[in-house]
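The values are calculated or read from the model by the stated rules, or taken from the named source; none is laboratory data. Remember, predicted model here, so these are calculated numbers, not experimental data. Here the Cβ positions follow ideal geometry from the backbone for every residue, glycine too, while neighbour counts run over all protein chains shown. Only protein heavy atoms, including side chains, enter the accessible area calculation; ligands, DNA and RNA are left aside. Shrake-Rupley method; radii C 1.70, N 1.55, O 1.52, S 1.80 Å.
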Amino acid sequence: MLEIKLPQAVETIISRLEELGYEAYAVGGCVRDTLMGREPEDWDITTSAKPMEIKKAFRRTIDTGIQHGTVTVMLDHVGYEVTTYRIDGEYEDRRHPKQVQFTANLVEDLRRRDFTINAMAYNPKTGLVDAFDGVGDLERGVICCVGDAGQRFDEDALRMLRAVRFSGQLGFSISEETKEAITVRARHLEKISAERIRVELTKLLVSQGAGQIKEAVSTGMTAYFLPELDEMMWVEQKNRHHVFTVGEHCIHSVRVMNLFFGEGRLTWRGGSIPEEVMETGKKIAEKCDKKAHQALCLTMLLHDVAKPACMTVDEAGVGHFRGHPRMGEEMAGKILRRLTFDNETIHLVKCLIFHHDEQVQPESRSLRRATARIGRERMLLLLLVQFADVLSQNPELAGDKLARILAVYHAFIRMEEERPALTVKELAVTGRDIMTELSVSPGPQIGEILQYLLEQVLDHPEKNCRDVLLALAKSEYSGKL
């Protein structure tokens, strides 16, 4: 009998329910991930016990979704969802069943789940329950619906996007039957909330198989939540710097970005990615949290979103995209708001898109000014964006571009060791100093003076000391105050 090592808390919950005469199993994604040698994000449990019986069995519970049979059991400050075996009734909104019917049959509960690989249960005494050949589909590396694919998607249209997300995360293909059912029903995504789509899209973009978003395009799904990508996919760039369409380039750049975060495998068209570039990219990525990783992948997907609108072709047949960073910033903001991303993510993505084509130079003065303009905390993120961008262009022309980015990185690290003032707040004088020493009344002129002093310090960082700055201010403004 196949053995799966369950966390102690999960074994405790299962054992407690069994002591009271009920069945209980670990179920779903945690079983799938364990069989694949992956670490499950969480552990779900299914049981023959009714919700009130679950609540009576444990000291501390939370009514997470008790109307659908789900109770969260708290053990050592960690929550575990425990759900009663159930059969779903008719779905009226392509998400929620009108009613659920509790059942004593585990297989009936598994039958209502989305994909075969998510419809397996495990109990230390019984072993693995796999009524729909989930193990076989794991071995074949295929995403296949439980039973009739059309019915599964009619129950919850988001499952179509989940199929693509799982294929990306696990590196699996989608079965032809499943893919055909998606193509027929893609329009049903119109009825799914932007919040739910955002969650699935984000999980896909940060996965090792982010390129599987092309399946969402080919099956027609993106037409209903990201039509801009559909347009990008067919635009040939007609420029020697590029080897992909706009859409293919952006998707490829997402895949490159994930390489820096240790996700995925990718062979650059020019051969292996230069070792120093990979090492530098990974160093920067190590300093990024999960949210920054998500924002960077969104940036890559959308960084050229305005190219179709900005494209012109000259007499020689060469494509140009003047103004696409500025227009792309605006378009990306609208797209991300439409998909209900938070303001912090939106602002970061917009900033990176606006500056993604900016050729920052490693020379000290130029770098200080660029960093002051872009933001100290965003400069390294911008370099990651530019690495991923260049590594998705024509590899024959990438050498000098990559060399510039590497030079900027090393210059930035040296600059940060000296920590020059790059903002008004970092000056050695304050607005109060200006008012006191120059007898200036509160008002906009104080900000003007501080900005003047910052300009001097950006050119000559050694001037950032109180006496020097006050002397400069008096000299420049003595006849204007």
Calculate the spin-label point distance for residue 365 paired with residue 108, positioning each point 7 Å from the Cα along the beta-carbon direction, and give it in nanometres. 8.0
Which stretch or stretches of segment 10-38 have amide N atoms under 11 Å from the point lying 7 Å from residue 126's Cα along the Cα→Cβ direction? 22-27
Helical mean residue ellipticity (222 nm; -39500 (n - 2.57) per DSSP H run of 4+; nearest 500) of the chain: -15500 deg cm²/dmol
At 1.4 Å probe size, put 62, 449 in order of accessible surface, largest to smallest. 62, 449
Applying the gyration tensor rule to the Cα atoms of segment 1-142 (axes a ≥ b ≥ c; rounded if a/c under 1.5, else prolate if a/b exceeds b/c, else oblate), the class is oblate
Are there trypsin sites (Lys or Arg not before Pro) in segment 182-262 that DSSP puts in a loop and that have at most 12 other Cβ atoms within 10 Å, and which ones? 240
Average accessible surface area per residue within the chain, 1.4 Å rolling probe, Å²: 46
If we count every other residue with Cβ under 13 angstrom of residue 48's Cβ, Lys/Arg +1 and Asp/Glu -1, where does the sum land? -3
When each of 214/287; 214/291; 307/401; 290/350; 287/401 is checked by Cα-Cα distance, pairs over 25 Å: 214/287
Computed E for residue 176/residue 64 - FRET, C-beta separation, R0 41 angstrom, nearest 0.05: 0.65
Counting Lys and Arg as +1 and Asp and Glu as -1 over every other residue whose Cβ sits under 13 Å from the Cβ of residue 28, the net charge comes to -4
